[in-house]
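K.L.:
Next up is a structure, given as structure tokens.
What follows draws every value from the coordinates through simple rules; no lab data is involved. All values derive from a computational prediction rather than experimental measurement. In this analysis, Cβ positions are derived from the backbone assuming ideal geometry, glycine residues included, and neighbour counts consider all displayed protein chains.
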Amino acid sequence: MSDPKKEGEGLKGAAFSGGKSSLETVLGFLKRTLAEGCFDALLLPVKAPGGDSFPYVLVQDKALLEDRGSPLPPIMPVQGGKAVSSLTRRGKAPRKVAALMRPCEVRATIELFKLAQVDLENIFLISIDCPGVLPVKDFAADPEKGMAAFGEVLEKWGDRKVRPVCQICHRFTAPLSDDGAGMVVDLHIGLLGIEDGEVLLIPYSPAGEEILAKLDLVPAAGGDILSAWRDRANELTKKRGEERRRAQEEMKSKVRGLNNLLETFDKCINCHNCMRVCPVCYCRLCYFDSEAVKHPPDDYLRRAGDWGSIRFLPDTILFQVGRMSHMSLSCVSCGTCEDACPMDIPVAQVFSLVADEAQEYFGYLPGRSTDEPIPLATYKEEELEEVEDAPQGASSETKEKDG
Amino acid sequence: MAKFLELDKGTEAGIRELLGQSLRNGQVKAVFALRRTTNGAVNYSLITDPQMMEEAVPLFPSMPSNAGQLLSRLTLKGPVEGPVAVVVRPCELRALVELVKREQGSLEGFLFISFTCPGVYPLKASANGEIEGKQTQYWEAVKSGKVVPEIRPTCRACEHFIPYNADITISLVGNKDVDKRCILFLNTAKGAELVKGVGGKLSEGELETAELHAHREERLAEKKSLYDQGQLSGLGMDGLIEIFSRCIGCRGCRSACPICYCNLCTFDSFDYEYEPSTYEEELKKRGGVRIPPNTIFYHLGRLTHVGISCVGCGSCTDVCPVDIPLSAIFLQVGEAVQKIFDYIPGKDVEEDVPLATFEEVELTEIEE
Amino acid sequence: MEEDFMPRIIGFLCKWCTYAGADLAGVSRIQYPPSILPIRVMCSSRVDPLFVISSFLRGADAVLVAGCHPGDCHYQRGNYYTRRRYAVLRKIFEELGLEADRLRLSWISASEGRRFADVITDYTERIKKKGPNPVKKEVFL
Ligand code: SF4
Ligand code: SF4
Ligand code: SF4
Ligand code: SF4
Ligand code: SF4
Ligand code: FES
């Protein structure tokens, strides 16, 4: 595993075709990697027997991919980062596994790696251009309609039908160049701007290059397909970036301040689904489910007495804000939390808004690199003077004295 | 014959007034009931200020959480120094009793007010605000004594809609004057004590009228049709897989279930997490493994943990983002399990949970 | 086909009785099929129903829970609890149309070597007729 291309190095890509549709082509490519022994198994979404979901499956038997393998399913029932963590949290994957995921899932995987919840040693990461996913609830309610809707999403590439966070996702593809919006991945599959039936395979690591070489695929720098992909991806990135800013401004006015926050989470029933499906919330026992938040009856009664009445359970906002403080630096705006909320609270829209601000503050991008430490797991001796209640420069003076 | 008090006002207003007054004169320290917050959501609240009783909507047809779970949380570390009056539904009270049997709370210090329960709408209807528009239809059906349309399937099929263990039972189902007269059956001395001084008319009568019995028959028929619909015995492993393949593993069903009280659930514990070698074995056997694993294991296992005490409250279904009909399954399987021991969960706090006790001679037929 | 199939039966055997009974069957050279994979437990009540479900889902063709006869439990009451838990588990399997006949509860004492062999033989025959547990091929568990 190594970091994405450094500034200045041009991208290379190999075209691959063979399927009637691009997704069929992707499947064909994956089958070939299995057949040629590039990997021992694949981790990817596979259509479930009921036809109404696409769980991750570790696949060794190619037959499972026939009609079922879904490189780009219409929903994200489980965040891929969670799947990789489940596979490797107790130690490296038993054999060489290629994991195919959407970009936000890859980024979550990298964050989990930094949090020691993923072992990347036997994992080859493949990402794919992502048009967004449908809300899992809508899909479950009517899978047939969902499949049709997703067909349109693929065609138009982005559509109001996908989840709100997907509509404003500006990191839906692999790093386009040296703009800093990086992502650690071995191989990316480009679909944007390319004719149906064809895909672009872009290696982002030596391991990625090796695999292509093994399959006799020669990635070329430049070329029509690569520039078509990059142009389209660039254009969409820019557009989405603007939309993101606009949507976030609007969201801000809705959720800023305690009262607005209270209103937003008013219907929260404390089920903690949002936390449990979030890839970054990896704790086996969440603090907010632990003994620590279970108080003696007197405490509750006293609090009720202070206010005249309290919601029961209380501390809903404490949970939300607490969760933010635990994980927002690593939030990848994947939307899984919102999908799982039975009360339709725009959890991911709020969290990704806070996350963007927190990440910008520290100049940190989750999933960008495997060695860049998560800001809360590191520090600089001199930083953030603006948050301290001390005259500017005081800290360094003290240090001089101490020294 | 039982004693009941009749107040000359709408039922919900009557309750509000009774409890407001009890707070005012110090008869109770607090009230636990549904309350509408300023933003419009309806949640359970612990109310101490009599003024705030105005915001209480104790009969609102929604169950944001099973109150049994909440009251267990309130009394986990010890009983309340009450009295605290609570207004909850029969299945919520039953859930609390089951939790108390498991030492997860206490009944002490509470004054329980419950009612002949017409059922609640799915939580979804509360999430999107639909319930408000359904109130008229709801109360018309309640008056008529018919099963309310569009309430949750498990509510339709609920035969335990008359509360056990309530100090006061409010008559709702089939009460033609529910919006004009508040009828409170006083089941215990505590209950009778609470209504002293609120005026009204004391009489004697039966809560379980012929109409209520007819209503129960209707619910039983609904249950039968729910069971017939579910076709559980024909499921088999393939059927189970089909039902649960869309489970996203959020464990909402567990966190909403009042009977599941564990801090750290077995199915999240270290014990059942696959090691790489386990994946390897499973991969060899099957050619593919769903990841995360153990979806069916979790649901089957949870059935063995909660089936015996499942009160059919429907919270699990309500909270499931992908609408898996959990409570229909848990209700039916749970009932079958409970029948082995003639056990009705939550009926009697003195009765042991069947799995925590035994008889020396029983069940001889299951040994081979 | 059926001839070749030797079921794999996971046996949770109480150390004080059934496990000793199995030993006795061995030293007495009583023949029984090699289908059983014994797991020694301190008491039949140590068998969490989850062990049984897990064995079943992970692909065991059958599961046997075996302990002391009622009244003879080394810990006085363990097997009474076992019996109730097993009754519940079995009922759940039946209600969901799962193959409850791949589960079995038997009381076999330390002196019942013959009975141990008989139970294993009988159970093995039953499972042979049923064939392998199809669950072991399922991917979407
Ligand atoms: S908080 Fe929500 S959007 Fe952010 S990583 Fe977690 S699940 Fe994804
Ligand atoms: S999923 Fe929704 S209702 Fe549940 S805790 Fe999170 S925000 Fe609250
Ligand atoms: S609530 Fe639904 S999706 Fe979540 S774990 Fe339970 S069954 Fe699965
Ligand atoms: S299993 Fe479902 S219906 Fe039964 S008590 Fe738990 S939440 Fe209620
Ligand atoms: S499923 Fe079992 S272990 Fe998990 S919370 Fe419920 S009772 Fe506890
Ligand atoms: S010791 Fe044998 S069953 Fe308890």
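K.L.:
Taking every DSSP beta bridge with both residues inside chain B, roughly what % is antiparallel (nearest 5)?
P.N.:
Once the DSSP bridges in chain B are tallied, antiparallel ones form about 65 percent.
K.L.:
From the square roots a ≥ b ≥ c of the eigenvalues of the alpha-carbon gyration tensor of the protein assembly as shown, which class results: rounded (a/c under 1.5), prolate (a/b over b/c), or oblate?
P.N.:
It comes out oblate by the Cα gyration axes.
K.L.:
Apply the membrane-span-like helix rule to chain B: whole DSSP H runs, Cα extent along the own long axis of at least 18 Å, mean Kyte-Doolittle hydropathy at least 1.0. List the helices found.
P.N.:
B:326-340
K.L.:
Can you list the HN-Hα couplings for the range A:192-202, worked out from phi with the Karplus curve (6.51, -1.76, 1.60; θ = phi - 60°), rounded to whole Hz and with x for Gly and Pro?
P.N.:
5, x, 10, 5, 4, x, 10, 9, 10, 9, 10
K.L.:
Anything over 20 Å Cα to Cα? Flag those among A:82/A:114; A:145/A:254; A:145/A:238; A:96/B:285, in the order listed.
P.N.:
Violating the 20 Å limit, Cα to Cα: A:145/A:254; A:145/A:238.
K.L.:
Follow-up. List the aspartates and glutamates whose alpha-carbon lies under 12 Å from that of residue A:294, not counting same-chain residues fewer than 8 positions away?
P.N.:
Hits, sequence-local ones excluded: A:315.
K.L.:
Applying 1/(1 + (r/R0)^6) with R0 = 60 Å to the Cβ-Cβ distance of residue A:148 and residue B:361, what FRET efficiency is obtained, to the nearest 0.05?
P.N.:
That gives a FRET efficiency of 0.45.
K.L.:
How much net charge surrounds residue C:56 when only other residues with a Cβ under 10 Å from its Cβ are counted (Lys, Arg +1; Asp, Glu -1)?
P.N.:
Net charge in that neighbourhood comes out at +1.
K.L.:
Same structure again: If you fit an axis through the alpha-carbon atoms of helix A:224-255 and take the longest principal axis of the Cα set of chain A, what angle between them do you get, 0 to 90°, nearest 10?
P.N.:
Here the helix axis deviates by roughly 20 degrees.
K.L.:
What does the charge count around residue B:110 come to, taking other residues whose C-beta lies under 10 Å from its C-beta (Lys +1, Arg +1, Asp -1, Glu -1)?
P.N.:
That sum, taken over residues with Cβ under 10 Å, equals -1.
K.L.:
Is there a quick way to get the dipole size of chain C? I mean about its Cα centre, with the Cβ of Lys and Arg at +1 and of Asp and Glu at -1; what is the value in debye to the nearest 20?
P.N.:
Approximately 400 debye in magnitude.
K.L.:
Return the long-range amide H neighbours of residue B:10 (sequence gap of 5 or more, or a different chain), with a cut-off of under 5 Å between placed amide H atoms.
P.N.:
Here the answer is none, since no amide H 5 or more places off falls under 5 Å of that of residue B:10.
K.L.:
Hey, quick one: spin label on residue B:285, modelled 7 Å out along Cα-Cβ, who in the range C:111-134 has an amide N within reach, i.e. under 15 Å?
P.N.:
Under cut-off, by backbone N: C:132-134.
K.L.:
How large is ³J(HN,Hα), in whole Hz, for each residue of the range B:355-368 in order, when computed from phi with the Karplus curve 6.51 cos²θ - 1.76 cosθ + 1.60 and θ = phi - 60°, using x for Gly and Pro?
P.N.:
7, 9, 8, 6, 10, 5, 10, 5, 6, 4, 5, 8, 8, 10
K.L.:
What shape does the range A:17-64 have by the C-alpha gyration tensor, where a ≥ b ≥ c are the square roots of the eigenvalues, rounded means a/c under 1.5, and otherwise prolate means a/b greater than b/c and oblate the rest?
P.N.:
Here the range A:17-64 falls in the oblate category.
K.L.:
Moving to a separate point now. Mind checking the mean number of beta-carbon atoms from other chains within 10 Å of the Cβ atoms in A:79-88?
P.N.:
Per residue, the average neighbour count from other chains is 3.
K.L.:
Name the residue farthest towards the positive end of the dipole of chain B from the options B:166, B:241, B:53, assuming +1 on Cβ of Lys and Arg, -1 on Cβ of Asp and Glu, about the Cα centre.
P.N.:
Farthest towards the positive end: B:53.
K.L.:
Counting only DSSP beta bridges with both residues in the protein assembly as shown, what percent are antiparallel, rounded to the nearest 5?
P.N.:
Of the beta bridges lying entirely in the protein assembly as shown, close to 55 percent run antiparallel.
K.L.:
Under unit Cβ charges (Lys, Arg +1; Asp, Glu -1), what dipole magnitude, rounded to 20 debye, does the range A:14-248 have relative to its Cα centre?
P.N.:
Dipole about the Cα centre, nearest 20: 860 debye.
K.L.:
Just report the Cα centroid separation between the range A:300-366 and the range B:93-158, whole Å.
P.N.:
Measuring centre to centre over Cα atoms gives 29 Å.
K.L.:
Now, a different point. Using θ = phi - 60° and the Karplus relation 6.51 cos²θ - 1.76 cosθ + 1.60, list the HN-Hα couplings for the range A:280-289 in order, rounded to whole Hz, with x at every Gly or Pro.
P.N.:
Karplus-based 3J(HN,Hα) across the range A:280-289 equals 7, 7, 9, 4, 5, 10, 5, 3, 7, 10 Hz.
K.L.:
Please give the per residue volume of the convex hull enclosing the alpha carbon atoms of the range A:14-248, rounded to a whole number of Å³.
P.N.:
Hull volume normalised by residue count: 125 Å³.
K.L.:
Here's another thing I want to ask about it. Calculate how steeply helix A:297-307 sits against the longest principal axis of the alpha-carbon atoms of chain A, using the helix alpha-carbon long axis, and give the answer as 0 to 90 degrees to the nearest 10.
P.N.:
Between helix and principal axis, roughly 80 degrees.
K.L.:
Right, here's the next one. What length, rounded to one decimal in nm, is gained on full extension from residue A:32 through to residue A:62, with 0.36 nm per residue of separation minus their alpha-carbon distance?
P.N.:
Stretched fully, the residue A:32-residue A:62 segment lengthens by 9.8 nm.
K.L.:
Can you compute the FRET efficiency between residue A:90 and residue C:100 using 1/(1 + (r/R0)^6), with r the Cβ-Cβ distance and R0 = 25 Å? Round to the nearest 0.05.
P.N.:
Efficiency, from the Cβ-Cβ distance: 0.15.
K.L.:
So what is the relative contact order for chain A, in percent, with contacts set as C-alpha pairs under 8 Å and at least six apart?
P.N.:
Over chain A, the number comes to 20 percent.
K.L.:
Separate question: Suppose a student asked you for the relative contact order of chain C, using Cα pairs under 8 Å spaced at least 6 residues apart; what percent would you report?
P.N.:
Computed over chain C, the figure is 38 percent.
K.L.:
If you don't mind, another one. Mean separation of Cα pairs under 8 Å and 6+ residues apart, divided by the residue count of the range B:1-134: what relative contact order is that in percent?
P.N.:
22 percent
K.L.:
Could you please report the charge total around residue A:145, scoring K, R as +1 and D, E as -1 over all other residues with beta-carbon less than 13 angstrom from its beta-carbon?
P.N.:
Result for the neighbourhood of residue A:145: -3.
K.L.:
Apply 1/(1 + (r/R0)^6) to the Cβ-Cβ distance of residue A:209 and residue A:291, taking R0 = 60 Å, and write down the FRET efficiency to the nearest 0.05.
P.N.:
That pair, residue A:209 with residue A:291, gives E of 0.75.
K.L.:
Count, for each residue of B:44-54, the Cβ atoms from other chains sitting within 10 Å of its Cβ, then give me the mean as a whole number.
P.N.:
Mean shielding count: 5.
K.L.:
Of the DSSP beta bridges with both residues in chain A, give the percent that are antiparallel, rounding to the nearest 5.
P.N.:
60 percent
K.L.:
Ok, one more. Evaluate the distance, in nm, between pseudo-label points positioned 7 Å from the Cα of residue B:2 and of residue A:21 along their respective Cα→Cβ axes.
P.N.:
6.0 nm
K.L.:
Follow-up question, since we're still on this one. Taking every residue in A:141-153, how many Cβ atoms of other protein chains lie within 10 Å of its Cβ, on average?
P.N.:
0
K.L.:
GNM on chain A, C-alpha springs below 10 Å: top fluctuator among A:275, A:147, A:76?
P.N.:
A:147
K.L.:
Arranged from highest to lowest average of other beta-carbon atoms within 10 Å per residue, in what order do the peptides A:277-287, A:163-173 appear?
P.N.:
A:163-173, A:277-287
K.L.:
A further question follows. At 7 Å along Cα-to-Cβ for each site, give me the label-to-label distance between residue A:249 and residue A:362 in nm.
P.N.:
Going from the residue A:249 label point to the residue A:362 one covers 2.8 nm.
K.L.:
A follow-up question, please. Tell me which residues come under 5 Å, amide H to amide H, from residue A:312 once H is placed; ignore anything under 5 positions away on its chain.
P.N.:
For residue A:312, whose amide H was placed from the backbone, the distant partners under 5 Å are B:44, B:45, B:46.
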